[in-house]
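Inspection log for the structure reproduced underneath, given as structure tokens.
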Amino acid sequence: MKITSITLLTFFAITTMHAQTKPYLDKTKPTEERITLLMKLMTLEEKVGQMNQYNGFWEVTGPAPKGGDAQTKYEHLRKGWVGSMLSVRGVKNVRAVQKIAVEESRLGIPLIIGFDVIHGYKTLSPIPLAEAASWDLDAIKKSAQVAADEASASGINWTFGPMMDVTREARWGRVMESSGEDPFLGSKIAIARIKGFQGDKMEDLLKVNTIAACAKHFAAYGFAEAGRDYNTVDISNSTLYNVVLPPFKAANDAGVRTFMNSFNILNGVPATGNSFLQRDILKGKWKFNGFIVTDWASIREMKNHGFAKDDADASAKAVTAGADMDMESHYYVAELVNLVKSGKVKEVLIDDAVRRILRVKFELGLFDDPYKYCDEAREKAEIGSKANNDAVLDMAKKSIVLLKNEANLLPLKKSGQKIALIGSLANDKTSPLGSWRIASDDETAISVLEGMQQYKDNTLTFEKGADLTIGKTTFIDELVFNTTDKSGFEAAKNAAKNADVVVMVLGEHGFQSGEARSRTNLDLPGVQQQLLEEIYKINPNIVLVLNNGRPLALPWASEHIPAIIEAWQLGTQTGNAVAQVLYGDYNPSGKLPMSFPRNVGQCPIYYNNYSTGRPVDVDKNVFWSHYSDVEKTPQFPFGFGLSYTTFEYKNLKINKSEFNKGEIVKVSVEVTNTGNYDGKEVVQLYIHDIVGSLARPVKELKGFELTNLKKGETKTITFTLTDKELGFFDNQGNYLVESGTFKIMVGGSSDKGLESQFELK
Ligand code: NOJ
């Protein structure tokens with residue numbers, strides 16, 4: 001556009017007019033002042049409106065709705081009674097709702113648009129648990145950047161992620177969204193994801209391709225009893241302070257702009273009504289200055305918990321406890337104005353919540369350009385781009401864990417082999433996308449069959465053997481499994497009979513984990529176990545490729561099947577990633593972020609447990625802590641994962657034998673690639689504070705490094721330990737660093753490594 005003096009004059013005229021009527025639009029003023037200026041103009045109703053978040057609803061680009069819930073939401077938007085919308089996506093739709101808020105409401109406050117961008121938007125990365133198995137923080141950050149890039153190109157400016165609930169419960173379906181069982185690894189991953197979504201520094205939020213992140217679910221949701229989603233949580237203070245809270249603290253330190261509270265109770269108080277969590281810890285001790293959104297209708301659910309008697313009571317309790325934005329309960333918008341007018345809720349609480357919400361909107365630059373994420377050209381160019389597909393393929397390969405490789409079955413030879421590929425999941429283009437993929441279409445994953453077909457110099461025969469599920473599989477409906485139809489077994493057996501190697505892709509359906517998808521069995525669903533055993537009788541040269549969103553317990557397969565690959569649900573590029581690993585074009589380096597039990601009765605099973613008073617069988621009788629029917633160790637421990645090469649650890653050294661508190665402990669170890677392939681190893685450092693004023697876990701991860709080692713190469717890996725790693729929280733939440741002996745273990749898994757020790761004086 002040619003800038004003429006008339007356009008400049010018009011621009012100045014508009015700016016001056018805005019500066020008079022909407023002084024908060026003056027960009028030259030500091031954010032806090034702009035917020036104050038805006039809040040001075042807001043009615044109580046408009047303030048409460050900012051605390052109200054509605055789910056996407058009518059055909060937003062069509063005519064105004066003429067009835068029902070949609071009409072109410074539409075009218076509330078026009079009155080400025082809505083601060084945020086969730087699940088509206090696509091530039092056209094976002095622009096349409098934003099336009100109502102900005103151009104039709106009195107003050108024109110832009111909406112913050114939230115969405116569950118959990119492992120990608122349209123181009124999907126592996127499920128978060130799989131990504132955690134990479135232990136590759138740069139790749140994880142990149143994956144979040146890709147997700148932010150696509151989501152922001154689609155009009156979205158806020159993701160409900162990352163989920164950082166530490167969990168030890170394989171039965172809990174939401175482990176697929178977690179980083180697994182360890183708070184140290186979980187904290188590092190949380191930081192990587194937040195920086196991936198938001199950028200490295202706060203000003204990066206002003207860019208068009210970053211979005212605000214949300215640390216969820218605050219707190220302790222990952223400890224739902226018996227792994228049943230939404231169930232009661234009953235944990236010790238020690239677990240709360242040392243296991244549950246650290247990733248959230250790390251997220252806050254990394255500048256995460258929002259938190260989401262959780263569905264569960266903690267010490268009898270629902271998280272949404274929990275002042276101790278939200279006000280004392282998060283906004284108090286940690287000085288969090290962004291805002292807290294409730295989980296979906298969790299204010300309303302406080303009535304079901306028996307914690308609030310009616311809508312008003314629930315609203316008063318939630319806002320008093322520090323929940324700033326109501327996701328879809330519709331209670332704040334209905335109750336808060338009256339509660340303030342009747343003196344039951346202080347207006348300063350409303351003001352505090354509104355300031356926090358507006359702060360994040362200003363930080364995103366929404367007041368300066370409410371349509372900054374609404375660029376059709378960008379939407380077209382970036383969603384599903386080649387660069388994004390390359391990045392998720394890279395992430396997918398890095399997420400694969402080699403669990404077993406006997407008889408040199410893997411990698412497969414590139415030519416001259418007859419391969420039978422069996423299992424309906426091998427030909428599935430939907431299930432490998434995993435759960436939580438609302439913006440991504442069915443049938444868009446590269447299947448394992450498609451991936452393997454690219455290696456043309458082998459003979460590849462595919463037989464599904466049996467269907468996994470019956471009927472339609474959706475995000476919201478119960479799945480129905482095929483437990484009877486084995487009519488495809490014969491064809492599969494024939495294929496196996498004529499093959500040199502059988503690759504079987506078995507496991508869970510992509511929708512079998514995720515929210516509300518709890519299980520009491522951790523086996524292969526449907527007739528898959530039978531299929532596996534039948535094929536094994538015909539041809540035991542089986543490579544089992546597992547698809548799953550949680551740890552499975554597969555004792556028979558672990559004993560009999562010579563090669564097992566953990567391939568989770570790897571997203572859009574699943575088939576390419578699996579094929580490249582099978583054929584040795586990528587040497588797997590993933591390590592499990594959660595222990596895999598031998599059977600479900602061992603759950604919860606985790607590596608950083610406490611010693612009991614009877615940890616070993618000293619007296620050679622039954623009176624020690626064990627099971628009579630299965631070993632107490634996991635099938636595959638936390639941190640475990642093989643490679644096509646081998647690594648040897650030598651010369652573990654600590655720079656001194658005694659340290660004062662505050663000194664830096666340096667631990668070094670030599671790692672050599674002793675096998676026949678170049679490879680990558682995750683070198684892990686664990687500590688054990690042998691005697692404490694409170695019992696300490698037998699092992700705690702306190703450092704890791706992912707290192708590349710060429711065939712024959714040796715590297716010295718050095719870790720440092722400071723008070724930050726050596727201390728722990730007592731039951732009142734005080735951080736203690738205590739004198740005593742610390743054992744160190746360094747290795748490629750949590751179950752074994754080189755050991756040494758030092759004294760802390
Ligand atoms: C409920 C889930 O618990 C939460 O993680 C999610 O972000 C919201 N629904 C919104 O979809």
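No value in this document is a laboratory result; all are computed from the given coordinates. Model, not experiment: these values are computed from the prediction. Note that each Cβ is placed from the backbone with ideal geometry, even for glycine, and that neighbours are counted across all protein chains shown.
Counting other beta carbons within 10 Å of each Cβ, put LYS398, LYS99 in order, fewest first. Please report the intermediate quantities before stating the final value.
Numbers: LYS398 25, LYS99 16.
Neighbour counts put them in this order, fewest first: LYS99, LYS398.
Here's how it looks for LEU592: its modeled amide H is under 5 Å from those of GLY639, PHE640, GLY641, which are all 5 or more places away or on a different chain. Pairs of Cα atoms in the range 69-128 fall into 10 Å distance bins, from 0 up to the last occupied one, in shares of 22, 46, 19, 12, 1 percent.
Judged by the mean number of other Cβ atoms found within 10 Å, the most tightly packed of the peptides 73-83, 590-600, 234-244 leads the ranking 590-600, 73-83, 234-244. For GLY703, the residues whose modelled amide H falls within less than 5 Å of its own, excluding neighbours fewer than 5 places apart on the same chain, are LEU685.
Using the Kirkwood formula over every pair of different C-alpha atoms, what hydrodynamic radius in Å results for the range 647-760?
Working: mean 1/r = 0.0674 Å⁻¹.
Value: 14.8 Å, from the Cα pair sum.
Taking amide H positions as modeled 1.01 Å from N, with prolines and chain starts lacking one, the residues under 5 Å from ALA212 and 5 or more places away or on another chain are TRP158, THR159. Restriction of the chymotrypsin sites (Phe, Trp or Tyr not before Pro) in the range 560-616 to DSSP coil positions whose beta-carbon has at most 10 other beta-carbons within 10 angstrom yields no sites. Cα convex hull, the range 413-542: 106 Å³ per residue, rounded to a whole number.
Exactly which trypsin sites (Lys or Arg not before Pro) in the range 221-326 are in a DSSP loop and have at most 11 other Cβ atoms within 10 Å? Before the final figure, lay out each step's value.
Details: sites: ARG228, LYS249, ARG257, ARG279, LYS283, LYS285, LYS287, ARG300, LYS303, LYS309, LYS317; in loops: ARG228, ARG257, LYS287, LYS309.
The qualifying sites are LYS287, LYS309.
Once the Cβ-Cβ distance between THR36 and GLU225 is put in as r, and R0 is 51 Å, what FRET efficiency do you end up with, to the nearest 0.05? Efficiency computed from Cβ-Cβ geometry: 0.65. Computed 3J(HN,Hα) for the range 609-624, one whole-Hz value per residue from the Karplus formula 6.51 cos²θ - 1.76 cosθ + 1.60 where θ = phi - 60°, is 7, 9, 6, 8, x, 10, x, 10, 8, 6, 8, 6, 9, 7, 7, 9, glycine and proline marked x. One chain, two ends: ALA387 and LYS661. Fully extended at 0.36 nm per residue, the span grows by 93.9 nm beyond their Cα-Cα distance. When the range 310-441 is described by a simple charge dipole with +1 on each Lys and Arg Cβ and -1 on each Asp and Glu Cβ, the residue from ALA439, TYR332, LEU412 located farthest towards its positive end is LEU412.
Over the chain, dividing the summed -39,500 (n - 2.57) contributions of all DSSP H runs of at least 4 residues by the number of residues returns a 222 nm mean residue ellipticity of -8500 deg cm²/dmol.
Based on other C-beta atoms within 10 Å, arrange CYS603, CYS214, CYS374 from fewest to most. Each step should come with its number before you reach the end.
Values: CYS603 20, CYS214 28, CYS374 23.
Ranking CYS603, CYS214, CYS374 by Cβ neighbours within 10 Å, fewest first, gives CYS603, CYS374, CYS214.
Using only side-chain charges placed at the Cβ, +1 for Lys and Arg and -1 for Asp and Glu, the dipole size of the chain relative to its Cα centre rounds to 1280 debye. Pairs of alpha carbons in the chain separated by more than 46 Å make up 25% of all such pairs. Stretching the chain fully between GLU406 and ALA70 yields a gain of 115.0 nm (0.36 nm per residue, less the alpha carbon separation).
Express as a percent, rounded to the nearest 5, the fraction of DSSP beta bridges in the chain (both residues included) that run antiparallel.
Numbers: 48 of 90 bridges.
Approximately 55 percent, going by the DSSP bridge assignments.
Here the Debye sum runs over all C-alpha atoms of the range 286-416 as equal scatterers in vacuum, and log10 of I(q)/I(0) at q = 0.12, 0.17, 0.19 Å⁻¹ comes out as -0.73, -0.96, -1.06.
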